[in-house]
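These notes are about the structure you will find just below.
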Amino acid sequence: MTASRREFLQSSVAASAALALGQKVLAAQSDAGKGVPQRPLGRTGVPVSIVCLGGWHIGEAAKDDGEAAAIKLMHRALSEGSRSSTIAGTTTMV
């Protein structure tokens, strides 16, 4: 199926906007060469890690291997530079 001129132009504009936004986000990212890279959070500018530890993983580690394993998992995430976690639709930052 061939795209109409209108569809082609809409796709081109959307792709250009996504590319420009992606470049801006990557330019703001900081990476000290160790741990998890960080990006500024919205207009606050607070640096946050680009990945976070999900609450499901903590609970699953505790269920399968005990509370000590869950605590070890959280400590590892912190030592690697993760400064946020999610639990059932919420986000917390350390």
(message) Between Leu41, Leu21, which is modelled with pLDDT under 85 and not assigned by TED's automatic domain parsing to the domain that holds Ile87?
(response) Leu21
(request) Quickly run through the range 73-94 and pick out the residues that are loosely packed, with under 13 Cβ neighbours inside 10 Å and at pLDDT 80 or above. (result) His75, Arg76, Ser79
(request) Quick one: Gly33 ticks every box in (1) loosely packed, with under 10 Cβ neighbours inside 10 Å; (2) of a type outside the set (A, V, I, L, M); (3) modelled with pLDDT of 80 or more except a single one, so which number is it? (result) (3)
(message) Name the residue that is modelled with the highest pLDDT, counting only residues in the range 55-64 that are out of contact with any helix residue (DSSP H, G or I) (no Cβ under 9 Å at 6 or more places or on another chain) and surrounded by fewer than 14 Cβ atoms within 10 Å (Cβ to Cβ).
(response) Asp64
(request) Please specify each residue of the range 49-76 satisfying the condition of being in a loop (DSSP other than H, G, I, E, B) and over 20 Å from Pro37 (Cβ atoms). (result) Gly66
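The values are calculated or read from the model by the stated rules, or taken from the named source; none is laboratory data. These figures come from a predicted structure and were not determined experimentally. All Cβ positions, glycine included, derive from the backbone under ideal geometry; neighbour counts span all protein chains shown.
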